[in-house]
Structure formats: structure tokens, C-alpha cells
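S.K.: Can you read through this structure? Questions will come right after.
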Amino acid sequence: MATDSRAVRRGLPRVPGDPPWPPVASTGPGDPPVSPVETPVLRDDPPVPAVEAPTPAVEAPAAAPALRRGLPRVTPSEPPASVGAAVVTQPEPAAEPAEQPAAAPAAAPAAEPAVVPAQPVVRKAEPRQYGPYTRAQWVGAVAVSVAVLVLLAAIVVALAQYLVSLPSVRDFLATYPGANPLPADAPVGLPAWLGWQHFLNTFFLVLIVRSGLQVRRDKRPAAFWARRGSRRRISLTLWFHQSLDILWIANGIVFVILLFTTGQWMRIVPTSWAVFPNALSATLQYLTLDWPTENGWVNYNALQQLAYFTVVFVAAPLAIITGVRMSGVWPKRAATLNRLYPVEWARRVHFPVMVFFVAFVVVHVALVLTTGALRNLNHMYAALGSTDPHAYAGNPIGFVIFVLSLVVIGAAWVAARPLVLAPIASLFGKVSR
């Protein structure tokens, strides 16, 4: 029987796991074997060797259409069925697929774009902030502030020198030289106790300002203090602040008592209304940088007198009464007293008073060092002086005591921390964390 010699291409299996379809056609006895058609090799497909058809006497279907092998229908992990394992089956006419057109040659795969590995995003560390600004911003703000202050100071000095050059202002300075006359029985000179009081006031005031600012900044205190038998606790810093207040008040009481018993009060308490025009005269002389010749051993100028009076008899009492209102000694259940003296008023006054004390200390020290440092330090710390404004100007004893006092204050500033304060506070109550 003659066999159609047209090439038949084998394709995908009809059922997963079966051999490719259509099957390999066999020839009858005496007929030459039909050579299987070579199947084009696709990409990533192993070459298929030519396998001769088996010899069973089964007639090949007539005119089988050419089919193209495709991808396996099973998972990619399973290899496609081998062409050599040919099983001859009689195809069912009803399930015979329609003739498919010859596929066009497969186009070469497009070149895949090169994949550039993603570079990790490196973020720069944010600069540390100190309050609202970073360190560089603080440096810039301070530099700008200093430049503005220097410019304003130059303008003020030029304006003051212009005013002093006017005839009417020169007559005013001649009438009011800048120092208010003292009473006839006013003492001359500064006693030794005043020097010790001066040091203690400075010592307590510096530590009070430090602890007060720390109380405002502390959000999580490192330790707490409570009276024995009391459940109410306060921070260790607040205990230190209030303890310093008590010592400062005690020292102030001693100072006021000695001030009035020795007559020294007449040096800082104005006894004439002429103190105000004299204070204005002294201010103009300071602003022109032609500072008045003065001798604190005998008398303060009117501007100093008003400043000392304000510190001792105005600022200090305000600091005390506002501090007591905010402390634990104030009665909490006194409704009428609390209504008449609300704590909010005390808080609004207490901090500005502290700022005034800081400003006073800065200006006071600057004037002491720029108007004859050795002479002024001998007056305050060594109780040395005379009616001659240039006496003891070269004696360094007052300066040495002043430097030692700064060392003591600096050591106390550094030591004012919980490690040192806790053992001291435990002597007067219970310290806990």
C-alpha cells in the first residue's frame, strides 16, 4: 500500500504526560520506512535525534498535516516528552485537531536592558540642636547680635558726645557732677564684714540662678527629695534651689541688720531728690566714655546708689515673696489668700527678677574692672582704701582674694550635681529615684 510521503510534524501532547501528537506513522511490509521530519530546535530546547519508526503493521494516516512543536504543557521543571519514545495510537476522528498553518520563523529575542543595581540612599545626619538652633546657627546668631550691639553702642556714644558738647548740657553737668552728697554723719570706708557679705551674696546668687534655670529645664528629674513622714516629693534640683534661697535670705537679713546698725545704709539709700539729676549726669558721662572720677571708698555716684538700693530693697524682696508663693511652704488650702495672691502672678514676676539680677552682675563686674580694677577690688574684698582715689591702686591683695572667690564659686558650680547633692539632701529628708 502506497504511503503518503508528505512530512508530518509532531506537536504537543493532547493530554499532559502522553507522547507528542500526532504519532509516528509506520510503513507496511515491503515499503520503505517513512523518515520523521526534523523538528526545528527552539531556544533552550535540546536537539531531537531522528528515530526510526517501529515495525508494527499499522497503516499511517493519510496526508497528516504538518505540525510545529511548542512548549510543554506541564510545569517548566519537567522536560518535554522525548521524540524517540513514539507510541502508535489510532487517532479518534472526532478529536482530530484542525490543520494549523505553518508558524513563521521565531524572531530573535530582544535584548534585555541592563539592570542597574539600586544605590542605597545615604542620608546625612541631622545636626544636633541646642534649643531652637544648631551650633552653627547659634554662632551666627551671636555674631550678628554682637555686631548689632556694637553698632548701636557706637551710635549711642556719638549721640551722647554730641549732647555733652551743647552749652546747656555742660551747665547741667557742672551743677550735678554725678554724686549725691551724703549726710554729715555718714561713715567713710567699707568695713570687713561688708566684703564677706559681698562674697556670700555673690556665691549664693550664682548658684540660685544656676539651679533655677535647671528647674525650668528638667523634665525628668534624676532624683527626688521628701521630708521624712511626708508623701509629697520634689525634685532634688528644686530642693537645692530652695535650700540656697533660705541661706541667701538668712545672709540678707544679717546684711540689712549690719547695714542699719553701722550707718552704712546712708551710702546706698538716697537722702535727697538730687540723686535723680545726678544719676542722669553720671549716665551721660559713662555714655561719652569720659567716665567720672569717683572713689567708692568715700561715696558712690548717684547711678550706683540707685542701682544698689534697687537690688537690696526692691529686687531682693520681690524674689523672696514670689519664690515663697511658688514653694512648698505656701499654704495650699488658703482659698482667700490664694485668690488675692495667685501663683501665676508670682511666676510672671519671679523670672524677670532673675534676669535683672544677672544683668546687674554683668554690668557691675564690667564697671568694677574698667574703672580701676585693683583699687575697686581692694575696697570690696580687702577693706583697703583711703580718701585718695589712687591709693592702694597697685596692691594686688584684693585681686588675689577675688580670684580665689571665683575658684570657690566655680567649684561649687561643678559640684552641684545629684552625685554630690544626694548625700547632703539625705541628711534632711529622704532621697529617692
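Bear in mind that the values in this text are calculations on the coordinates, not laboratory data. Since the model is a prediction, treat every value here as computed from it, not as a measurement. Note: ideal-geometry Cβ built from the backbone for every residue, glycine included; neighbour counts use all protein chains shown.
S.K.: Using unit Cβ charges (K, R positive; D, E negative) and no other charged atoms, how large, in debye to the nearest 20, is the dipole of the range 230-369 about its Cα centre?
M.R.: Here the range 230-369 has a charge dipole of around 1060 debye.
S.K.: Between the DSSP loop rule and a limit of at most 14 other Cβ atoms within 10 Å, which trypsin sites (Lys or Arg not before Pro) in the range 125-193 are left?
M.R.: Arg128
S.K.: Which order do peptides 142-151, 369-378 fall in by mean Cβ count within 10 Å, highest first?
M.R.: 369-378, 142-151
S.K.: Can you give me the C-alpha center-to-center distance between the range 132-204 and the range 288-337, rounded to a whole angstrom?
M.R.: Using only Cα atoms to place each centre, the spacing works out to 17 Å.
S.K.: Taking the Cα centroid of the range 396-420 and of the range 253-280, what is the distance between the two, rounded to the nearest whole Å?
M.R.: With the range 396-420 and the range 253-280 each reduced to a Cα centre, they are spaced 29 Å.
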